[in-house]
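Notes follow the structure.
The values are calculated or read from the model by the stated rules, or taken from the named source; none is laboratory data. These figures come from a predicted structure and were not determined experimentally. Because the Cβ atoms are built from the backbone with ideal geometry, glycine has one as well, and the counts that use them run over all protein chains shown.
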Amino acid sequence: MIIVAQEKIKLEPDYIDIYSLAVELANNYRLPLMDIYTKLKEFYPKGEVLEQEAVNIKKQIEEQIKNYKIIEEVIEQALALLKKQGFSEEKEGQKSIYVTEIMFHKDRADRLLLSYEQALQKFKQKQLPFGFHYSPYNFDSGPEREFFENILRELTINKDDIEDIYFTGAIDDPNKTDFFFEYKDKNGKWHNYSPDFLIRKKNGKMLIVEIKGEPFKDKQKEKEMRQVENLNPDRLKYEILETNQDELGFNEIEKIKKWIYK
């Protein structure tokens, strides 16, 4: 056997930057991000950690977590649909208004944007008794706008015991609203979720409405919302209205009207 050549190969270990690791640990184990990052920075001042060490850190956390007893506690807390500190303040004379930027497709603006002034003209009213806790509403789909206008038209004729209806689906930033829910997807990642609508009665009962086509339904999200519903089923109901086209079926809207006038 003749050796033609020899070459030494040096294998470099794999590293992970500590911020990426901190984000992963915070998401997976529901831990405070900056506390984790600060602690990792103390142990790894160069900003990187060996991949195998990162695996060991995860194992240590999991070992500690499994020794804790999980206690669930239900706490009542007032939620702000809008938090003005999350918006920019502007002055109109002596009056303060709070604004933010929204993103939308220009070619969809006429179909999906609805301002308070446009609604006044549409319903031929001097003032609307419900909706528009901010303006304009920027809907995600035609069925969402159709639902809102349909219910608003119904309530303009007969408001019954309704306190208000809110379109909540466009704002899920925790700096701007308290009305969002957290859920874990099938990959173990946590997400914020804001339902499309909230309808509230004067007696305190609430209906959360989600409008989704079958291809866009999220089973895990629905499961989490059903658990929220079961915390107080006498006062809270969660309803999904299905749409297979760019419009809602008559029977879907009737579900909501039955709840309103029940």
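Here Tyr166 passes the criteria (1) within 30 Å of Glu222 (Cβ to Cβ); (2) touching a Lys or Arg at 6+ places or on another chain (Cβ under 7 Å) except the one numbered (2). If you take the residues in the range 84-115 that are closer than 25 Å to Ser141 by Cα and of a type in the set (Lys, Arg), which one is surrounded by the fewest Cβ atoms within 10 Å (Cβ to Cβ)? Per the stated criteria, the residue is Lys106. Count of the range 241-252 residues, restricted to those that are surrounded by fewer than 17 Cβ atoms within 10 Å (Cβ to Cβ) and among the hydrophobic types (A, V, I, L, M, F, W, C), is 1. With respect to the conditions (1) closer than 18 Å to Ile208 by Cα; (2) in contact with a Pro (Cβ under 7 Å, 6 or more places away or on another chain), Ser141 falls short on a single one, namely (2). For the condition over 14 Å from Ile151 (Cα atoms) and in contact with a Gly (Cβ under 7 Å, 6 or more places away or on another chain), Arg226 does not qualify.
Against the criterion of being more than 20 Å from the chain's Cα centre (by Cα), under 21 Å from Lys262 (Cβ atoms) and surrounded by fewer than 20 Cβ atoms within 10 Å (Cβ to Cβ), Glu163 qualifies. Among the residues of the range 31-52, those identified as out of contact with any Phe, Trp or Tyr (no Cβ under 7 Å at 6 or more places or on another chain) and surrounded by 16 or more Cβ atoms within 10 Å (Cβ to Cβ) are Ile36, Leu40, Tyr44. Would you be able to say whether some residue in the range 28-42 is part of a loop (DSSP other than H, G, I, E, B) and at pLDDT 85 or above? No; the residues of the range 28-42 include none that is part of a loop (DSSP other than H, G, I, E, B) and at pLDDT 85 or above.
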